[in-house]
Amino acid sequence: MNLLESLAADPYRGYAYAYPHKTAYGPLDPAVPLEPLWQNEPTDALTLYVHVPICEMRCGFCNLFTLRAEPEEFESAYLAALERQAARVLAAVGHARFGSAALGGGTPTQLSVAGLRRVLKILERAGAAPREVSVSVETSPRTADEARLDLLRDAGVQRISIGVQSFDDRDTRAIGRPQHRSWVDGALARIRDRAFPVLNVDLIYGGEGQTPARLLESVGAALVYAPEEIYLYPLYVRPRTGLAQKGRLVRSDGRVALYRAARDRLLDAGYEQVSMRFFRRAGARRLHAERADTCCQEDGTVGLGCGARSYTRALHYAFEWAADQATIRDILRAYVDTPAEGFATARHGAWVTPDEQRRRYVIKSVLRVEGLSRASYRGFFGTDAVDDLPEIAALAAAGLMTVDADAVRPTTAGLELSDAIGPYLYSPAVRGRMALHEGAAAC
């Protein structure tokens, strides 16, 4: 079996949204003080990510670090810890300037209006107030109500991202997400009424019983609202999720056909493809906050909140990660009880060697339509990406990449196989650590 056949035989191996993957993280012994870690990092164009680990429900496909809605006292305790962490971490980072910020989770709009206002104050104190930098906020159909949207609009938030997943109630039931079409249409109408500069709609394909016709109906329903961005996510059934516990499966070949149908519909509607998942309406405003979704190759990220990750060039770090509710709750209790000085070190993460830094840069570039600039890579590393990663030549020989003097870019087939190409580019060491984590999770 040649490389193309091997990758096409299993096209959905993993979403390479960050590298190294969170399952490659482990305990840092000794813990790493943040001040010296950030001392020599460029801090003039950072990304700030704030994590809110609560949702109204636990969707069947979800393996994010989030809990179902908790009592009000949890919100207050969590936000107090978030404020302590923000003050201590920002003091350690030093003279940070943020080019973009994002509130994610979980669902930040699951917070009370007062709680959401407290989070916006954290952004303001960090120098990342929505009127100063591009800020993106995630929401859901049930929590995108008038009061919260008014608060976000008046604060100057530029981008709202809403997890719709499907406009068809049959499809949302199949993926373990109780939802009614009326909630979705109401939320989208309220968001559009407030004229946020960028609306993103997330859709998922591949659930049990979903047909290309039903998916296209959802795409068409989304287009009625003319979102500036649409993300198409293939369904993954990951360990310890609701779908996995019910024995639900998805078939890769079915997802490929669904992807092609939705992609072609969006291209016909005047959207440009940015990556396998990301489509932008032609002529739509581009925000710097887009970088919070794509984990830009060169810039660092300061993560605040129990499920947030921080990226320096040499170390990626976070609190421990889990998918099952009991372990998440234990980790959150420890986070809430952490004193300010407890946030002064990194205790869980992954050191990023020079080889891994090069792989990260390549992975974050070649899975986007614009591809990898060979000149930018040389300017950053002093070497050529094609020489550093022989896998690039193999992908080009398989018809999945084009390589010229200026760039390495994915072909149409390469974009389609992004979730196989990303893991193909992982180092053996990262693959090994991920396999150990997956084996432990299965026990």
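Remarks
- Relative contact order %, the stretch 25-294, counting alpha carbon pairs below 8 Å whose residues are six or more apart: 18 percent
- Between Glu272 and Arg280, Arg281, Ala282, the built amide H atoms are under 5 Å apart, and every one of these is 5 or more places off in sequence or on another chain.
- Every helix of 4 or more DSSP H residues in the chain counts as -39500 (n - 2.57), and over all residues that averages to -12000 deg cm²/dmol at 222 nm.
- Cα centroid separation, the stretch 53-80 to the stretch 308-341 (Å): 14 Å
- Of all DSSP beta bridges in the chain, antiparallel share, percent nearest 5: 40 percent
- Counted by neighbouring Cβ atoms within 10 Å, the residues Phe380, Phe61 run from fewest to most as Phe380, Phe61.
- Once the Cβ-Cβ distance of Glu56 and Arg329 is raised to the sixth power relative to R0 = 22 Å, the FRET efficiency obtained is 0.85.
- For the chain, the residue among Ser373, Pro410, Ala80 whose Cα projects farthest onto the positive side of the dipole built from Cβ charges is Ala80.
- Partner lysines whose Cα lies under 16 Å from the Cα of Lys22, excluding those fewer than 8 positions away in the same chain, are identified as Lys364.
- Taking amide hydrogens as placed 1.01 Å from N in the peptide plane, the amide H of Arg177 sits under 5 Å from those of Gly60, each at least 5 positions away in sequence or on another chain.
- Total charge dipole magnitude, the stretch 25-294, about the Cα centre, Cβ charges on Lys, Arg, Asp, Glu only, Debye to nearest 20: 480 debye
- Amide H contacts of Leu67 (H built 1.01 Å from N, under 5 Å, at least 5 apart or other chain): Ile54, Cys55
- Remark: the stretch 157-313 projects, on average over all directions, an area of 10.6 nm² (convex hull of Cα atoms).
- Counted over the chain with a bin width of 10 Å, the fraction of Cα pairs per bin, in whole percents, is 4, 21, 32, 29, 12, 1.
- 3J(HN,Hα) from dihedral phi, the stretch 110-117, Karplus parametrisation 6.51/-1.76/1.60, rounded to Hz, x for glycine, proline: 6, 5, 5, 4, 5, x, 5, 5
- The GNM of the chain, with springs linking C-alpha atoms under 10 angstrom apart, assigns the highest mean-square fluctuation among Leu37, Leu67, Leu304 to Leu37.
Computed from the coordinates by the stated procedures, all read-outs in this text should not be read as laboratory data. Every value quoted in this text rests on a predicted model; they were computed, and no experiment measured them. In this analysis, Cβ positions are derived from the backbone assuming ideal geometry, glycine residues included, and neighbour counts consider all displayed protein chains.
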